[in-house]
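The values are calculated or read from the model by the stated rules, or taken from the named source; none is laboratory data. Source: prediction; values computed, not measured. When we count neighbours, we look across all protein chains shown, and the Cβ atoms used for this are built from the backbone with ideal geometry, even at glycine.
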């Protein structure tokens, strides 16, 4: 039996759903629903977890942020970020360092893809970056 595809889901995808952001909400929700259904193995970068909590608490409440994180962690695994991840991210020629860290967290977690709304931000990385629509089409 073939193993499931592993893909790191970039933070903006989660925020689309958590904050009902249009016009990306429907595609991002389909992606997360697919991860929740076990159609692929979804990952969230460790550094994104703290940012997600901060934003959900700031624009909602700390208790709501905790509940949301607990729910997401039921079907998303956390891709670790350590010194090696950071050092390798510094070697990528990315404009946004957060994106570089996400890419290298995906590599270290043995993901096959990074799923993002901003595929251009990841185009010079070692893994392919796909939009939610592109990724769902290959499932």
Query raised in the report: Any residue in region 74-85 that is touching a residue at least 40 places away in the same chain (Cβ under 8 Å) and either buried (at least 20 other Cβ atoms within 10 Å of the Cβ) or within 15 Å of residue 12 (Cβ to Cβ) (or both)?
Result: yes
Requested in this report: Kindly indicate whether residue 89 is surrounded by fewer than 21 Cβ atoms within 10 Å (Cβ to Cβ), touching a helix residue (DSSP H, G or I) at 6+ places or on another chain (Cβ under 6 Å) and outside any loop (DSSP other than H, G, I, E, B).
Outcome: no
Requested in this report: Would you check which residues across region 104-116 are crowded, with 16+ Cβ neighbours inside 10 Å and in contact (Cβ under 8 Å) with a residue 60 or more places away in the chain and list them?
Outcome: 105, 106, 109, 111, 112, 113, 114, 115, 116
Query raised in the report: What do you reckon, is residue 69 at pLDDT 95 or above, part of a helix (DSSP H, G or I) and over 26 Å from residue 138 (Cβ atoms)?
Result: yes
Query raised in the report: Before we move on, is residue 43 at negative phi, in contact with a helix residue (DSSP H, G or I) (Cβ under 8 Å, 6 or more places away or on another chain), part of a helix (DSSP H, G or I) and buried (at least 19 other Cβ atoms within 10 Å of the Cβ)?
Result: no
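I'm checking my understanding of the structure. Among residues of region 118-138 that are in a loop (DSSP other than H, G, I, E, B) and at pLDDT 95 or above, which one is surrounded by the most Cβ atoms within 10 Å (Cβ to Cβ)?
Among those that are in a loop (DSSP other than H, G, I, E, B) and at pLDDT 95 or above, it is 131.
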Query - Condition check for residue 51: buried (at least 17 other Cβ atoms within 10 Å of the Cβ), modelled with pLDDT of 95 or more and either touching a helix residue (DSSP H, G or I) at 6+ places or on another chain (Cβ under 6 Å) or in a helix (DSSP H, G or I) (or both) - result: no
